[in-house]
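The values are calculated or read from the model by the stated rules, or taken from the named source; none is laboratory data. Predicted model only: the values in this text are computed from it and were never measured. Cβ sites come from the backbone with ideal geometry, for glycine too, and all protein chains shown count toward neighbours.
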Amino acid sequence: MDHLSGAHEDKQRNVDVNFVNYITSLGLQALIFLGETPSPISGRTEKNLDQARILIDTLVMLQAKTRGNLNEQEDSLLTASIYELQIKYTEVIKADGFLGEEER
């Protein structure tokens, strides 16, 4: 094993895989696709509203499927993330002039 791949594996082992981190990751990805946060790969803001909608819908599905099984922190984070992303999605759609077309 070379030095770079070993360092990458060490970094991956230090990441705590849990529900809060997963929800945070999905939310961050949605913000990237909404053009609100620069892509960590390109450093540019880019919009992909279809992907943003899929991620928001995924969070809504997770909320339905995990109802009653989350601790207070997880439930609060999930609820707030969905709310904020839905508001931001609507704002982006309105700003881009898509809302009228989607409702037809």
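Taking the condition of being outside any helix (DSSP H, G or I) and within 14 Å of the chain's Cα centre (by Cα), how many residues in region 42-73 meet it?
So the count comes out to 2.
Determine which member of the set Ser81, Ser76, Ser39, Ser25 is in contact with a helix residue (DSSP H, G or I) (Cβ under 7 Å, 6 or more places away or on another chain) and either modelled with pLDDT of 95 or more or part of a helix (DSSP H, G or I) (or both).
So the residue among Ser81, Ser76, Ser39, Ser25 that is in contact with a helix residue (DSSP H, G or I) (Cβ under 7 Å, 6 or more places away or on another chain) and either modelled with pLDDT of 95 or more or part of a helix (DSSP H, G or I) (or both) is Ser81.
Exactly one of these conditions fails for Thr90: (1) in a helix (DSSP H, G or I); (2) within 15 Å of the chain's Cα centre (by Cα). Give me its number.
(2)
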